[in-house]
Every structure is written in structure tokens, then in C-alpha cells.
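Undergrad: Dropping the structure in here first, questions after.
What follows draws every value from the coordinates through simple rules; no lab data is involved. Keep in mind it's a predicted model, so treat the numbers as computed, not measured. For neighbour counting, all protein chains shown are included, and Cβ atoms are generated from backbone atoms with ideal geometry for every residue, glycine included.
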Amino acid sequence: MVWYFGLFRLMLASDKTHISGIVAVLYILTAAHCFLRTCFVSKETDQALRLNAILRSGVEDFKVVGDVVETIGGARLPPGLVTSHIRNLILKSKLQGHHSLDQTLLLRGLADTLRGPNYLGSFASDSLMKLGLLGTIIGFIMMLAPIAGLDAADKVSVRNSMGLMSDGMAIAMYTTLSGLVGSILIKCQGGQRGG
């Protein structure tokens, strides 16, 4: 509806600060990032489920051949972060011998890799909101600036001031609207915890 009624073009034409356009571009980039992260997490989940099925079939031991982890029966574990974690565990246990294996650092590394750039969604959502508020302040400044030198007796200057005031109000409203809508949509895509 926004595109059909031309509201998007009107917003871009009315916003002389171009903050609404910046918000729109940042929203598109963040939405693309959220999509790619969702695909990555989905792929890793599928690989982990396949790995779980292999492990539940009664695997007795593993061997590492280069970057590949195989069962003693010769079945390859599906590539992914969990398989890489198992590979690191096997290599670390060989280096430590038969001592108790502390896998805290490896688990933190796995968690950090999975979490990775997910916090960009939260940062982007916050940034879109703040850009909208910045546009509001700039719009109000532009709206109130003509009042300072206004001569109430001069009808032409009052008319010109009204035009400048309406331009400032349009900037304030459009930037606020674009910032809020962009922020809400990013949060809906999972940006509140990361995206």
C-alpha cells in the first residue's frame, strides 16, 4: 500500500535530510543479514540433526582424517560446526592423554561462532530508532528556525515561514515514522536477541 499510494516516494521527496532514505537502506541491508543468518543457523541445525541420528545409531569411536571426522565403521560425520567441535575434542583429548578433558574453551568457541554476528540485528534496530529520533530533532529545529526572525506584520514572510515550518514538520514526522517502522520490523525478524 505504501508503494501503491506513492507514500514512499513522497517520504523521500519531503525529507531533505535524507535520513528516511538512510533508514530504508539500513533496513534492507539488515533484513538481508537476518535472512543469511537464518539460512546459516538452519543449515547448522540440519547438520546437527543428521549428526545426532548417526550418534544415536551406536557409534563406538571416531577418527580424524584431515578435516573430516569418521566413525570407526567408516561413516563420515556431516560437515558443520558441531562436527568441527567433535574434531577439536578428539584432537585435544589426544594431546592431553587420559587426563580429564576440560572442554570449556572449546564450548565457548562453538557458542561464539554460533552467536557470531547475530547481535547486528539488535544494534541495527536500535540505530534505526535513534536515526528516526535524530530526524525528529532536526525537523523540529528546521520548523522552529523561521519563527525567530518572523515579522508578524509582513504577510509574505509569514507565508514563507509557514512553508518552511511545514517542511520541518514533514521531516520530523517522516524520519520518526521510518525509524520506528524499520526498528519494529527488524525486531520482528528476531533482532531483539540478534537477528
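Undergrad: Counting helices only, and only those DSSP H runs with n ≥ 4, report the 222 nm mean residue ellipticity of the chain as the sum of -39,500 (n - 2.57) divided by its residues, in deg cm²/dmol to the nearest 500. Working shown, then result.
TA: On the way: 6 runs with 135 residues, N = 195.
Taking each H run of at least 4 residues, the total per residue is -24000 deg cm²/dmol.
Undergrad: Please list the non-local residues whose amide H lies under 5 Å from the amide H of Asp15, H modeled 1.01 Å from N, same-chain partners needing a gap of 5 or more.
TA: It is none; the list stays empty.
Undergrad: Return the FRET efficiency for the residue pair Thr45, Asp102: r is the Cβ-Cβ distance, R0 is 30 Å, and the value is rounded to the nearest 0.05. All intermediate terms of the calculation are to be shown ahead of the outcome.
TA: Working: r = 27 Å, r/R0 = 0.90.
Here the calculated transfer efficiency is 0.65.
Undergrad: With labels modelled as points extended 7 Å from the Cα through the Cβ direction, what inter-label distance (nm, one decimal) is found for Ser14 paired with Lys94?
TA: Label-label distance for Ser14 and Lys94, simple model: 6.7 nm.
Undergrad: Across bins of 10 angstrom width beginning at 0, how are the C-alpha pair distances of the chain distributed, in whole percent?
TA: Calculated over all Cα pairs of the chain, the distribution is 8, 22, 20, 14, 12, 10, 7, 4, 2, 0 percent.
Undergrad: Any idea what diffusion coefficient region 106-174 gets from Stokes-Einstein, in µm²/s, Kirkwood Rh on alpha carbon pairs, 4 °C, 1.567 mPa s?
TA: On the way: Rh = 15.0 Å.
Reported coefficient: 86 µm²/s.
Undergrad: Which of rounded, prolate, oblate describes region 47-116, given a ≥ b ≥ c as roots of the alpha-carbon gyration tensor eigenvalues and a/c under 1.5 marking rounded, otherwise prolate only if a/b is larger than b/c? List each step's numbers first, then the result.
TA: Numbers: a/c = 1.81, a/b = 1.12, b/c = 1.61.
It comes out oblate by the Cα gyration axes.
Undergrad: Follow-up. What are the aspartates and glutamates whose alpha-carbon lies under 17 Å from the alpha-carbon of Lys187, with same-chain residues fewer than 8 places away excluded?
TA: Output for Lys187: Asp126.
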